[in-house]
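Enquirer: Handing you a structure now.
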């Protein structure tokens, strides 16, 4: 191997690193977009589900909506895992 070939090898290594970094950047961007879209869908679905729920009155719905707005991931998750099918106790006989 001649010393004149070393700059060419270094340039090829840099080009490979640039293409790898660009590929990771595109893959990372796509992953972020997918996660954000799923979050928006979960958020909107939770709001619609809360608003049409017959289990809660105005005050209960307002509390769930506030929870969803202030905790955009955990609020909808809590609604779908527990709040939607919660047993509500009333004092009426």
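Enquirer: Below 8 Å, C-alpha to C-alpha, sequence gap of six or more: please give me the relative contact order for region 16-83 in percent.
Expert: In percent, rounded to a whole number, it is 30.
Enquirer: Once you sort the root eigenvalues of the Cα gyration tensor of region 16-83 as a ≥ b ≥ c, which label holds: rounded (a/c under 1.5), prolate (a/b larger than b/c) or oblate (the other case)?
Expert: prolate
Enquirer: Extension gain residue 51-residue 77, at 0.36 nm per residue separation less the Cα-Cα distance, in nm? Write out the running numbers ahead of the final one.
Expert: Numbers: separation 26, 0.36 × 26 = 9.36 nm, distance 1.58 nm.
Length difference between fully extended and current span is 7.8 nm.
Enquirer: Spin-label point model (7 Å from Cα, Cβ direction): what's the residue 36 to residue 62 distance in nm?
Expert: The two pseudo-label positions are separated by 3.3 nm.
Read the figures in this text as sums done on the coordinates, not as results from a lab. Just so it is clear, the structure is predicted and the values come from calculations on it, not from any experiment. Counting neighbours? That spans all protein chains shown, and the Cβs are built from the backbone with ideal geometry, glycine included.
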